[in-house]
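For reference, the structure discussed in these notes is given below.
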Amino acid sequence: KAGVTQTPRYLIKTRGQQVTLSCSPISGHRSVSWYQQTPGQGLQFLFEYFSETQRNKGNFPGRFSGRQFSNSRSEMNVSTLELGDSALYLCASSWWGEGSRNEQFFGPGTRLTVL
Amino acid sequence: GIQVEQSPPDLILQEGANSTLRCNFSDSVNNLQWFHQNPWGQLINLFYIPSGTKQNGRLSATTVATERYSLLYISSSQTTDSGVYFCAVERASNFGNEKLTFGTGTRLTIIP
(Lines give C-alpha, C1' and ligand atoms only; values in the text may rest on other atoms or scores of the structure.)
Protein backbone atom coordinates (compact mmCIF):
# COMPACT_ATOMS: atom_id res chain seq x y z
CA LYS A 1 0.00 0.00 0.00
CA ALA A 2 1.22 3.47 -0.79
CA GLY A 3 1.86 5.66 2.21
CA VAL A 4 0.51 9.09 3.01
CA THR A 5 1.51 11.60 0.35
CA GLN A 6 1.75 15.36 0.69
CA THR A 7 2.20 18.04 -1.93
CA PRO A 8 4.05 20.21 -2.40
CA ARG A 9 7.09 19.16 -0.39
CA TYR A 10 8.56 22.64 -0.21
CA LEU A 11 6.96 26.04 -0.52
CA ILE A 12 8.18 29.62 -0.22
CA LYS A 13 5.66 32.40 0.20
CA THR A 14 5.68 36.03 1.31
CA ARG A 15 3.77 37.61 4.17
CA GLY A 16 0.13 38.27 3.40
CA GLN A 17 -0.19 35.55 0.79
CA GLN A 18 -2.26 32.43 1.21
CA VAL A 19 -1.26 28.80 0.72
CA THR A 20 -3.01 25.47 0.16
CA LEU A 21 -1.40 22.17 1.13
CA SER A 22 -2.67 18.79 0.01
CA CYS A 23 -2.68 15.37 1.65
CA SER A 24 -3.69 11.98 0.26
CA PRO A 25 -4.22 9.36 2.98
CA ILE A 26 -3.39 5.68 2.83
CA SER A 27 -6.00 3.89 0.73
CA GLY A 28 -8.96 2.96 2.90
CA HIS A 29 -8.11 5.38 5.69
CA ARG A 30 -10.96 7.72 6.52
CA SER A 31 -9.44 10.04 9.11
CA VAL A 32 -6.93 12.75 8.22
CA SER A 33 -5.20 14.95 10.79
CA TRP A 34 -2.87 17.90 10.34
CA TYR A 35 -0.01 18.95 12.59
CA GLN A 36 2.39 21.88 12.62
CA GLN A 37 5.99 21.46 13.73
CA THR A 38 8.17 24.41 14.68
CA PRO A 39 11.42 24.54 16.68
CA GLY A 40 9.79 26.67 19.36
CA GLN A 41 6.42 24.96 19.80
CA GLY A 42 7.18 21.42 18.75
CA LEU A 43 4.47 19.29 17.16
CA GLN A 44 1.00 20.77 17.55
CA PHE A 45 -2.36 19.46 16.39
CA LEU A 46 -4.23 21.63 13.89
CA PHE A 47 -7.42 19.71 13.01
CA GLU A 48 -8.83 16.31 12.15
CA TYR A 49 -11.34 15.33 9.47
CA PHE A 50 -13.44 12.22 9.19
CA SER A 51 -16.01 11.59 6.46
CA GLU A 52 -15.69 15.18 5.23
CA THR A 53 -16.46 16.61 8.69
CA GLN A 54 -14.09 18.39 11.02
CA ARG A 55 -14.20 16.36 14.24
CA ASN A 56 -11.54 18.07 16.26
CA LYS A 57 -9.68 21.35 16.14
CA GLY A 58 -6.52 22.58 17.82
CA ASN A 59 -5.80 26.01 19.21
CA PHE A 60 -4.93 27.88 16.03
CA PRO A 61 -6.38 31.12 14.62
CA GLY A 62 -9.13 31.10 12.02
CA ARG A 63 -6.56 31.79 9.29
CA PHE A 64 -5.92 28.05 9.39
CA SER A 65 -8.66 26.02 7.76
CA GLY A 66 -9.10 22.70 6.08
CA ARG A 67 -11.46 20.39 4.32
CA GLN A 68 -11.81 16.79 3.32
CA PHE A 69 -13.19 15.44 0.09
CA SER A 70 -15.34 12.38 -0.51
CA ASN A 71 -12.26 10.34 -1.47
CA SER A 72 -10.73 11.23 1.95
CA ARG A 73 -8.08 13.50 0.44
CA SER A 74 -7.63 16.63 2.50
CA GLU A 75 -6.41 20.15 2.01
CA MET A 76 -5.41 22.78 4.51
CA ASN A 77 -5.32 26.47 3.81
CA VAL A 78 -3.50 29.26 5.57
CA SER A 79 -4.57 32.77 4.68
CA THR A 80 -2.74 36.05 5.30
CA LEU A 81 0.55 34.31 6.00
CA GLU A 82 2.74 35.52 8.85
CA LEU A 83 6.44 34.90 9.43
CA GLY A 84 5.54 32.63 12.35
CA ASP A 85 3.66 30.28 10.01
CA SER A 86 7.00 29.01 8.71
CA ALA A 87 6.96 25.38 9.75
CA LEU A 88 6.85 21.76 8.71
CA TYR A 89 3.22 20.77 8.15
CA LEU A 90 2.55 17.09 8.64
CA CYS A 91 -0.50 15.13 7.62
CA ALA A 92 -1.47 11.83 9.21
CA SER A 93 -4.10 9.27 8.32
CA SER A 94 -5.76 6.47 10.25
CA TRP A 95 -8.46 3.92 9.48
CA TRP A 96 -10.98 4.53 12.25
CA GLY A 97 -13.31 1.71 11.41
CA GLU A 98 -15.35 -0.03 14.11
CA GLY A 99 -13.09 -1.94 16.45
CA SER A 100 -10.00 -0.50 14.83
CA ARG A 101 -7.11 1.03 16.62
CA ASN A 102 -6.40 4.66 15.89
CA GLU A 103 -2.78 4.22 14.79
CA GLN A 104 -1.73 7.27 12.84
CA PHE A 105 0.64 7.19 9.86
CA PHE A 106 2.39 10.35 8.75
CA GLY A 107 3.32 11.75 5.38
CA PRO A 108 6.69 13.32 4.52
CA GLY A 109 5.47 16.83 5.29
CA THR A 110 5.38 20.17 3.51
CA ARG A 111 8.06 22.63 4.56
CA LEU A 112 6.63 26.14 4.33
CA THR A 113 8.88 29.18 4.48
CA VAL A 114 7.29 32.62 4.79
CA LEU A 115 9.52 35.56 3.85
CA GLY B 1 -5.04 18.90 28.24
CA ILE B 2 -2.84 15.86 28.68
CA GLN B 3 0.85 16.48 29.39
CA VAL B 4 3.60 14.37 27.82
CA GLU B 5 7.16 14.52 29.10
CA GLN B 6 10.11 12.76 27.51
CA SER B 7 13.50 12.15 29.00
CA PRO B 8 16.34 12.60 28.51
CA PRO B 9 16.10 15.52 26.05
CA ASP B 10 19.47 14.63 24.56
CA LEU B 11 21.47 11.42 24.52
CA ILE B 12 24.88 10.83 22.98
CA LEU B 13 26.11 7.25 22.79
CA GLN B 14 28.84 5.21 21.23
CA GLU B 15 27.85 2.79 18.49
CA GLY B 16 26.92 -0.56 20.01
CA ALA B 17 25.59 0.88 23.26
CA ASN B 18 22.08 0.35 24.59
CA SER B 19 19.67 3.13 25.49
CA THR B 20 16.36 3.65 27.26
CA LEU B 21 14.05 6.54 26.44
CA ARG B 22 11.19 7.41 28.76
CA CYS B 23 7.76 8.96 28.19
CA ASN B 24 5.53 10.05 31.08
CA PHE B 25 1.93 11.11 30.51
CA SER B 26 -0.56 12.74 32.82
CA ASP B 27 -3.87 11.02 32.00
CA SER B 28 -5.37 7.75 30.79
CA VAL B 29 -4.70 7.08 27.11
CA ASN B 30 -6.37 5.19 24.27
CA ASN B 31 -3.33 5.37 22.04
CA LEU B 32 0.41 5.69 22.54
CA GLN B 33 2.81 5.71 19.64
CA TRP B 34 6.59 5.98 19.36
CA PHE B 35 8.04 7.65 16.28
CA HIS B 36 11.50 8.27 14.87
CA GLN B 37 11.82 11.49 12.91
CA ASN B 38 14.27 11.14 10.07
CA PRO B 39 16.57 13.98 8.91
CA TRP B 40 14.03 14.98 6.25
CA GLY B 41 11.29 15.42 8.83
CA GLN B 42 9.15 12.36 8.24
CA LEU B 43 7.80 10.58 11.29
CA ILE B 44 8.45 6.86 11.05
CA ASN B 45 6.13 4.62 13.08
CA LEU B 46 8.03 2.47 15.56
CA PHE B 47 5.35 1.14 17.89
CA TYR B 48 1.64 1.45 18.58
CA ILE B 49 1.63 0.48 22.26
CA PRO B 50 -1.14 1.82 24.57
CA SER B 51 -0.23 -1.01 26.96
CA GLY B 52 2.03 -4.04 27.22
CA THR B 53 5.35 -4.89 25.60
CA LYS B 54 6.36 -5.23 21.98
CA GLN B 55 9.61 -5.97 20.21
CA ASN B 56 10.79 -5.29 16.69
CA GLY B 57 14.38 -6.28 16.02
CA ARG B 58 16.73 -4.21 18.14
CA LEU B 59 13.90 -2.05 19.37
CA SER B 60 11.39 -2.84 22.06
CA ALA B 61 8.83 -0.84 23.99
CA THR B 62 6.87 -1.21 27.19
CA THR B 63 3.88 0.82 28.34
CA VAL B 64 2.62 0.60 31.91
CA ALA B 65 -0.72 2.34 31.49
CA THR B 66 -1.66 2.20 35.17
CA GLU B 67 1.52 4.09 36.08
CA ARG B 68 1.32 6.36 33.02
CA TYR B 69 4.69 5.80 31.44
CA SER B 70 6.26 4.13 28.44
CA LEU B 71 9.84 3.09 27.72
CA LEU B 72 11.58 2.65 24.39
CA TYR B 73 14.67 0.43 24.40
CA ILE B 74 17.28 0.51 21.65
CA SER B 75 19.93 -2.18 21.80
CA SER B 76 23.25 -2.35 19.96
CA SER B 77 22.82 1.19 18.62
CA GLN B 78 23.81 2.00 15.06
CA THR B 79 24.56 5.37 13.53
CA THR B 80 21.33 5.10 11.54
CA ASP B 81 19.44 5.18 14.86
CA SER B 82 20.40 8.84 15.26
CA GLY B 83 17.56 11.31 15.16
CA VAL B 84 14.69 12.51 17.29
CA TYR B 85 12.36 10.06 18.97
CA PHE B 86 8.85 11.20 19.83
CA CYS B 87 6.24 9.72 22.07
CA ALA B 88 2.65 10.73 21.26
CA VAL B 89 -0.52 9.91 23.13
CA GLU B 90 -4.25 10.16 22.55
CA ARG B 91 -6.20 10.84 25.71
CA ALA B 92 -8.91 8.33 26.59
CA SER B 93 -12.30 9.84 25.83
CA ASN B 94 -15.95 8.84 25.61
CA PHE B 95 -16.48 11.34 22.84
CA GLY B 96 -14.62 9.64 20.03
CA ASN B 97 -11.39 10.63 18.49
CA GLU B 98 -8.95 12.81 20.32
CA LYS B 99 -5.82 14.38 18.92
CA LEU B 100 -2.30 13.03 19.31
CA THR B 101 -0.34 15.06 21.85
CA PHE B 102 3.40 14.87 21.34
CA GLY B 103 6.24 15.04 23.80
CA THR B 104 9.18 17.32 23.12
CA GLY B 105 11.30 14.42 21.93
CA THR B 106 14.65 12.83 22.73
CA ARG B 107 17.49 13.70 20.37
CA LEU B 108 19.69 10.61 20.04
CA THR B 109 23.18 10.88 18.55
CA ILE B 110 25.15 7.71 17.91
CA ILE B 111 28.88 8.22 17.48
CA PRO B 112 30.80 5.70 15.32
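Are there any chymotrypsin sites (Phe, Trp or Tyr not before Pro) in the range B:31-112 that are in a DSSP loop and have at most 16 other Cβ atoms within 10 Å? List them by number. Working shown, then result.
Working: sites: B:34, B:35, B:40, B:47, B:48, B:69, B:73, B:85, B:86, B:95, B:102; in loops: B:40, B:95.
When the chymotrypsin sites (Phe, Trp or Tyr not before Pro) of the range B:31-112 are filtered for loop state and at most 16 Cβ neighbours within 10 Å, B:40, B:95 remain.
Roughly how many percent of the accessible protein surface of the protein assembly as shown is carbon and sulfur, given a 1.4 Å probe and a whole-percent answer? Don't skip to the answer; put the middle values down first.
Working: 5260 of 10910 Å².
Taking all protein chains in place, the protein assembly as shown shows 48 percent carbon and sulfur surface.
Computed with a 1.4 Å probe over protein heavy atoms only, the accessible surface of chain B comes to 48 Å² per residue.
When only Cα pairs below 8 angstrom with a gap of at least 6 residues are kept, chain A shows a relative contact order of 36 percent. With a cut-off of 15 Å between beta carbons, the residues surrounding residue B:17 carry a summed charge of -2, where Lys and Arg count +1 and Asp and Glu -1. Here residue B:12 sits with roughly 120 square angstrom of accessible surface, probe radius 1.4 Å. The range A:4-64 and the range B:11-71 have Cα centres lying 24 Å from one another.
Calculated accessible area for chain A comes out at 48 Å² per residue, all protein chains present (probe 1.4 Å; ligands, DNA, RNA ignored).
Antiparallel versus total DSSP beta bridges in chain A: what percent is that, nearest 5? Show your work: numbers first, answer last.
Working: 37 of 41 bridges.
Counting DSSP beta bridges with both partners in chain A, the antiparallel share is about 90 percent.
With contacts defined as alpha carbon pairs under 8 Å and 6 or more residues apart, what's the relative contact order of chain B in percent?
Values: 287 pairs, mean separation 41.7, N = 112.
It rounds to 37 percent for chain B.
Rounded to the nearest 0.05, what FRET efficiency do residue A:70 and residue A:9 give with R0 = 22 Å and r taken as the Cβ-Cβ distance? Could you check?
After rounding to 0.05, the efficiency reads 0.30.
Taking every Cα-Cα distance in chain B and sorting them into 10 Å bins from zero, the calculated P(r) comes out as 15, 48, 29, 7, 1 percent. Distances longer than 29 Å among the Cα atoms of the protein assembly as shown: what percent of all pairs is that? Distances greater than 29 Å cover 27 percent of the Cα pairs. For the residues of A:42-49, the average number of beta carbons from a partner chain within 10 Å of their own beta carbon is 4.
Over both sides of the A-B contact, add up the buried accessible area with a 1.4 Å probe and give it to the nearest 100 Å².
Between A and B, the summed buried area is about 1600 Å².
Inter-chain Cβ neighbour count for A:103-112, averaged per residue, equals 5 (cutoff 10 Å, partner chain atoms only). Across the range A:14-58, the mean sequence separation of Cα contacts (distance under 8 Å, 6 or more residues apart), normalised by length, yields a relative contact order of 26 percent.
Length gain on complete extension for the stretch residue A:27 to residue A:95, per 0.36 nm per residue less the alpha carbon to alpha carbon distance? Walk me through the numbers on the way to the answer.
On the way: separation 68, 0.36 × 68 = 24.48 nm, distance 0.91 nm.
This chain segment gains 23.6 nm when fully extended.
Taking every residue in B:82-91 and counting other chain Cβ atoms within 10 Å of its Cβ, the average works out to 1. Assuming 1.002 mPa s and 20 °C, estimate D for the range A:15-63 with Stokes-Einstein, Rh taken as the Kirkwood radius over Cα pairs, in µm²/s. Rounded to a whole number, D works out at 171 µm²/s.
The values are calculated or read from the model by the stated rules, or taken from the named source; none is laboratory data. Fair warning: this is a prediction, and the values are worked out from it, not measured in the lab. FYI the Cβ positions are ideal-geometry reconstructions off the backbone, even for glycines, and counts take in every protein chain you see. Accessible surface is based on the protein model in full, side chains and every heavy atom, while ligands, DNA and RNA are left aside. Shrake-Rupley method; radii C 1.70, N 1.55, O 1.52, S 1.80 Å.
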